[in-house]
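Have a look at the structure below, then the notes.
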Amino acid sequence: MMRLALTTVAAAAAALLATALAPQAPAPFSYVALGDSYSAASFVRPWTTDGCGRSEQDYPHQAARRLGLKLTDVTCSAAEVRAGLLGPQSELKGPPSVPPPGGWAPKAAQIKAVTAAADLVTVGAGGNSVGFSEIVETCVKRGLASFGTGTPCTDHYARGGGAAGLDARFTALEADFTALLKEIRTRAPRARVAVVGYPAVVDSSAGCGWGSWHQLGTVAKGDMPWLDSVERRLNTLLREQARRSGAVYVDTYSSSTGHGVCAGAEQRWMYGIKDSLTGPGEQSDPPSELCRSIPARGEACTVLHPNLRGATHQADRVTEALTALGASRT
């Protein structure tokens, strides 16, 4: 009996020693994603129904699956850098486009998700801060009034009454983004940070037709180069912010040219103003009253966001960037 007991103890000790000496699988990298609807891939099924419209096919989810990362995704549609990332967000736009009775509950500042445990952080925001959706709406209205002739939106923003307001928004965004990147560094000093730029929306007017709501609706064709210049100006600001803070800039624009909203159906990586949904599943977005009034077929007023092809393209670029920052496949 004594010999058996000693043998059992010895075997157990050997097993414990072998377990202790065996190589342990490394813990997955902790990845926090901050951003707006372009980062959340709003209108790409399936999405959350909390007012943020965050898709399981957005680039944070796709990159995390590819690289085996532990993801915290707090991206949210309509988020601005100041009201959304640095501070709470009360204005939520979905999808779903029609809010529940009483509306959605406000969201806490996204920056709160960044802690000292974060290994990787991506930031994709700024379009709402400069009012890109409002700019498009203005261009739609002015293009309708001019019956698609001339450059009515360019005249308003580049040479008219809208110029000062737009410049002020860019100036405010620069200050807010500087504060955001500084706060990320303070909260997660060892994290590697990537700033994600915006993909091409209207890099070319070729293929766009006036009055096509699957594209830019009644935006005058002459205004499309100016719209593109606003996006390039925004990406330049984001690239410079990344450089100043020591973050990596992820360029999704260059590799998406030729796939903007004016491209052919099989080449288009962007939703038009009103369009059919993409992504797995059968999730739908009952249109709002305003959306129903637009004379075009389409499941939702998707208003110039990446479709599934576009979200996957973003994920390709972000995956490359995170891999270069040290995230490895498991």
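The values are calculated or read from the model by the stated rules, or taken from the named source; none is laboratory data. Quick caveat, the model's predicted, so the values are computed rather than measured. Heads up, the Cβs are rebuilt from the backbone with ideal geometry, glycines too, and the neighbour counts pull from every protein chain shown. Side chains included, ligands, DNA and RNA excluded: accessible areas come from the protein's heavy atoms. Shrake-Rupley method; radii C 1.70, N 1.55, O 1.52, S 1.80 Å.
Here are a few things to note about the model shown:
- Search result, residues across segment 92-127 that are free of Cβ contacts under 8 Å to residues at least 40 places away in the same chain and either outside any loop (DSSP other than H, G, I, E, B) or crowded, with 22+ Cβ neighbours inside 10 Å (or both): Lys112
- Looking across Gly209, Gly258, Gly264, one residue alone is closer than 30 Å to Ala194 by Cβ and either within 20 Å of the chain's Cα centre (by Cα) or free of Cβ contacts under 8 Å to residues at least 60 places away in the same chain (or both). It is Gly258.
- Residue match in segment 273-282 (condition: assigned to a loop (DSSP other than H, G, I, E, B), closer than 30 Å to Asp119 by Cβ, open to solvent by 50 Å² or more (accessible area, probe 1.4 Å) and modelled with pLDDT of 95 or more): yes
- Beta carbons closer than 7 Å, at least 6 apart along the sequence or on distinct chains, pair a first residue in segment 27-55 that is over 20 Å from Thr252 (Cα atoms) with a second that is acidic (Asp, Glu) and part of a loop (DSSP other than H, G, I, E, B) for Phe29/Asp119; Ser30/Asp119; Pro46/Glu56.
- Single match in Ala321, Ala263, Ala311 (criterion: touching an Asp or Glu at 6+ places or on another chain (Cβ under 7 Å), of a type in the set (A, V, I, L, M) and open to solvent by less than 50 Å² (accessible area, probe 1.4 Å)): Ala311
- Filter pass, Arg309 being within 22 Å of Tyr198 (Cβ to Cβ), out of contact with any helix residue (DSSP H, G or I) (no Cβ under 6 Å at 6 or more places or on another chain) and not in a loop (DSSP other than H, G, I, E, B): yes
- Test result for Val130, open to solvent by less than 10 Å² (accessible area, probe 1.4 Å) and assigned to a helix (DSSP H, G or I): no
- Within segment 62-91, considering residues that are of a type outside the set (Ser, Thr, Tyr) and assigned to a strand (DSSP E or B), the one most open to solvent (accessible area, probe 1.4 Å): Lys70
- Applying the set (1) at pLDDT below 95; (2) surrounded by fewer than 20 Cβ atoms within 10 Å (Cβ to Cβ) to Asp285 leaves exactly one unmet item: (2).
- Scanning segment 38-51 for residues that are open to solvent by 10 Å² or more (accessible area, probe 1.4 Å), within 15 Å of the chain's Cα centre (by Cα) and closer than 16 Å to Gln89 by Cβ returns Tyr38, Thr48.
- Residue that is nearest to Leu277 (Cα to Cα), among those in segment 52-61 that are in a helix (DSSP H, G or I) and open to solvent by less than 40 Å² (accessible area, probe 1.4 Å): Tyr59
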